[in-house]
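Values quoted throughout were computed directly from the atomic coordinates according to the rules given, and no laboratory measurement underlies them. As the structure is a prediction and not an experimental result, all values here were calculated from the model. Counting neighbours? That spans all protein chains shown, and the Cβs are built from the backbone with ideal geometry, glycine included.
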Amino acid sequence: MGILNTTPDSFSDGGQFTTVQQAVDAAGQMLEEGAAIIDIGGESTRPGSDPVSEQEELDRVMPVIEESVKNFTGALFSIDTTKYRVAEEALKSGVHIVNDVSGLRKEPAFAELCAEYKAGYICMHSQGDPKTMQENPQYEDVIDEIKRFLKVRLVRLKQAGVESVIIDPGFGFGKTLEHNLEIVRRMDEFSELETPVLAGASRKSMIGMILDGRPSDKRLSGTLAVHYHCLMNGASILRVHDVREAVDTIQIFNAISGS
């Protein structure tokens with residue numbers, strides 16, 4: 001899954017795609033490099049970020065979605081949003097998946113919406129909102145609490161008729177460095193939910209912390225290392241900024257593991 005942020009303030013690639021054509025070209029490049037899904041977002045969810053209005057988010061993502069769906073037939077697209085109307089307009093325009101960092105907390109009706117459009121749904125765990133989520137996240141057992149959260153959502157989604165669900169433990173969304181490392185170590189425990197697991201640690205601050213404050217654009221090797229461990233422990237989708245390198249990682253992993 002390649003990340004395409006149409007935002008001025010995302011932590012790693014904010015402001016890179018200031019025109020629709022730049023964003024569409026970036027989508028095309030990621031598809032050429034081997035991305036299976038392009039994840040388009042119009043609101044930054046980095047720690048400390050402020051929300052944007054529904055209309056502003058629509059203005060950012062819809063022209064990119066419409067051009068990308070038209071230009072790249074056969075590719076899969078997801079909309080990274082927590083707003084019902086943004087998701088609905090994206091699905092109407094041909095997007096296939098709703099990627100919800102709030103895991104139905106902000107918009108429970110995503111379940112019925114995805115069922116109506118026969119769309120996939122990515123259910124991510126988070127604690128708190130982006131503005132405050134990293135102030136003091138606490139868990140008694142981070143893996144058990146994430147699993148409980150996801151189990152409840154999986155039941156709700158199944159009851160609504162959503163047939164394709166992916167779970168995301170939510171690296172960095174209300175988690176300390178140690179919580180994030182525990183997710184990597186114990187990712188295999190999510191297999192009991194019998195649902196594909198997405199790992200999205202690309203260039204995140206956890207990698208910068210381990211590498212003595214490395215800035216986001218210097219975290220590629222760290223990202224590859226974290227994601228490789230996630231693959232070893234059962235992850236089946238990687239959400240990344242650097243598609244070619246991630247595809248290389250997956251090919252090496254598949255060759256060694258015999259997948």
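Using a simple spin-label model with points 7 Å from Cα along the Cα→Cβ vector, what separation in nm is obtained for His229 and Ile252?
Here the modelled spin labels are 1.6 nm apart.
So, counting K/R as plus one and D/E as minus one, what does the shell of residues with Cβ under 15 Å around Ala109 add up to?
Combined, the nearby Lys, Arg, Asp and Glu give -1.
Using 0.36 nm per residue of separation minus the Cα-Cα distance, give me the extension gain between Ala109 and Ser164 in nm, one decimal.
The span from Ala109 to Ser164 would gain 18.2 nm if fully extended.
When a/c reaches 1.5 or more, the comparison of a/b and b/c decides; with that in mind, is region 47-161 rounded, prolate or oblate per its Cα gyration tensor? Write down the numbers at each step before the final one.
Numbers: a/c = 2.31, a/b = 1.43, b/c = 1.62.
Verdict is oblate for region 47-161.
For an R0 of 45 angstrom, estimate the FRET efficiency from the Cβ-Cβ distance between Arg156 and Glu67 and round to the nearest 0.05.
0.85
Return the percentage of antiparallel bridges among DSSP beta bridges fully within region 2-257, rounded to the nearest 5 %.
0
Tell me the Rg and the Dmax, in Å, that the Cα atoms of the chain produce.
When restricted to the Cα atoms of the chain, Rg and Dmax are 17.0, 48 Å.
Can you tell me the length gained on complete extension of the stretch Arg148 to Asp59, counting 0.36 nm per residue apart and subtracting the Cα distance?
Working: separation 89, 0.36 × 89 = 32.04 nm, distance 3.58 nm.
Gain on stretching Arg148 to Asp59: 28.5 nm.
What order do you get for Leu104, Leu4 when you list them from fewest to most C-beta neighbours inside 10 Å? Numbers along the way, then the final one.
Values: Leu104 20, Leu4 28.
Listing Leu104, Leu4 from fewest to most nearby Cβ atoms yields Leu104, Leu4.
Report the local net charge at Glu182: Lys and Arg +1, Asp and Glu -1, summed over other residues whose C-beta lies under 13 Å from its C-beta.
Around Glu182, the surrounding residues sum to -3.
Pairs Lys106/Lys175; Lys118/Lys151; Lys118/Lys204; Lys70/Lys218; Lys106/Lys151; Lys147/Lys175: which exceed 23 Å Cα-Cα?
Violating the 23 Å Cα-Cα cut-off are Lys118/Lys204; Lys70/Lys218.
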